Amino acid sequence: IHYIEKLAITYEEIGQYNKALPFYIQALNETERRFGNDSYNYTIGLRKIADCYLKLGDNLESKKYYEKCIQHLFISLEKEPNYASAIATNLIEIYNLIGEKNKALALAIQLLEDEKAKSYKSYYYTYSELIINIYTQIGQGEKALPYILDLLEYYNEKSNVYRSVYSNKIIELANLYVSLDQYDKSLPLYIEHNSFIQKKIKENFNFLTY
């Protein structure tokens with residue numbers, strides 16, 4: 001299975017989705033034969049086929065496989081609870097892809113609230129990013145704002161590790177303020193981002209000063 005999927009991934013990475021698809025289907029059939037169709041690996045195989053059809057522009061087939069994937073994700077959730085967070089992330093992404101954005105949002109917000117109660121918030125920021133993306137897609141930037149500010153605070157606290165991520169989030173927030181006609185708030189952020197870029201250039205190309 002590994003080598004079949006490796007071929008599929010290789011073709012997909014170079015944009016030859018029509019050649020990747022048969023290998024993904026072959027890998028799925030082999031996964032079902034070995035592990036059954038209620039395994040998490042089988043569910044992920046469905047997702048890969050759906051994604052491939054989507055990239056080929058075949059929305060009908062992609063939706064069919066996404067819907068199958070949703071059914072099997074719930075089966076996987078019962079059978080393999082250790083994968084619960086990964087399964088939930090897949091569900092949110094798929095609901096969003098097939099246009100059921102309200103379901104995607106409701107699930108992401110619910111899971112984010114659950115994550116807040118945990119001492120180790122491994123998926124807290126994943127769910128936050130998903131919520132931000134969906135609100136942005138549907139033109140409700142004002143609702144995305146508190147989630148971006150929350151992430152920005154986190155990345156700022158850990159700026160030694162997430163400096164580039166923090167900088168990207170600054171631009172995202174600045175662009176959001178522009179979309180909300182809050183130019184007075186966006187300008188300082190653009191200036192801050194520009195300062196970060198200049199500092200980064202000096203760090204990486206300081207040999208040019210000698």
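Annotations
- Of the criteria (1) under 23 Å from the mean Cα position of the chain (by Cα); (2) not in a helix (DSSP H, G or I), which one Ala86 fails: (2)
- Qualifying residue in the stretch 52-60 (condition: closer than 18 Å to Leu91 by Cβ, open to solvent by 20 Å² or more (accessible area, probe 1.4 Å), part of a helix (DSSP H, G or I) and among the aromatic types (Phe, Trp, Tyr)): no
- Residue-level check: of (1) modelled with pLDDT of 90 or more; (2) not in a loop (DSSP other than H, G, I, E, B), Glu153 misses just (1).
- Members of the stretch 116-145 found to be surrounded by 16 or more Cβ atoms within 10 Å (Cβ to Cβ) and β-branched (Val, Ile, Thr), listed by number: Thr126, Ile131, Ile132, Ile134, Thr136
- Ile4 being surrounded by 15 or more Cβ atoms within 10 Å (Cβ to Cβ), more than 25 Å from Glu129 (Cα to Cα) and either of a type outside the set (Phe, Trp, Tyr) or free of Cβ contacts under 8 Å to residues at least 40 places away in the same chain (or both): yes
- Checking Leu91, Leu46, Leu73 one by one, the residue that is touching a His at 6+ places or on another chain (Cβ under 8 Å) and in a helix (DSSP H, G or I) is Leu46 and no other.
- Whichever residue in the stretch 16-42 is touching a residue at least 24 places away in the same chain (Cβ under 8 Å) and not in a helix (DSSP H, G or I) and, among such residues, is surrounded by the most Cβ atoms within 10 Å (Cβ to Cβ): Ser39
- Selected residue (only one of Tyr127, Tyr166, Tyr162 is under 20 Å from Leu111 (Cβ atoms), hydroxyl-bearing (Ser, Thr, Tyr) and at pLDDT below 95): Tyr127
- Those residues of the stretch 67-91 which are open to solvent by less than 80 Å² (accessible area, probe 1.4 Å) and under 15 Å from Leu107 (Cβ atoms), in sequence order: Cys69, Ile70, Leu73, Leu77, Ala84, Ser85, Ala86, Ile87, Ala88, Thr89, Asn90, Leu91
- Residues that are of a type outside the set (D, E, K, R), in contact with a Phe, Trp or Tyr (Cβ under 6 Å, 6 or more places away or on another chain) and closer than 22 Å to Ala86 by Cα within the stretch 9-40 comprise Thr31, Tyr40, listed in sequence order.
- The set of residues in the stretch 92-101 that are over 18 Å from Glu61 (Cα atoms) and open to solvent by less than 40 Å² (accessible area, probe 1.4 Å) contains only Ile92.
- For Gly139, the conditions (1) assigned to a helix (DSSP H, G or I); (2) under 28 Å from Gln182 (Cβ atoms) all hold with the exception of (1).
- One residue alone among Glu113, Glu192 is free of Cβ contacts under 8 Å to residues at least 12 places away in the same chain and open to solvent by 50 Å² or more (accessible area, probe 1.4 Å), and that residue is Glu113.
The values are calculated or read from the model by the stated rules, or taken from the named source; none is laboratory data. Predicted model, so just to flag it, every value in this text is computed and none were measured. Backbone-built Cβ (ideal geometry, glycine too); neighbour counts: all protein chains shown. Just the protein is used for accessible areas: all its heavy atoms, side chains included, with ligands, DNA and RNA removed. Shrake-Rupley method; radii C 1.70, N 1.55, O 1.52, S 1.80 Å.
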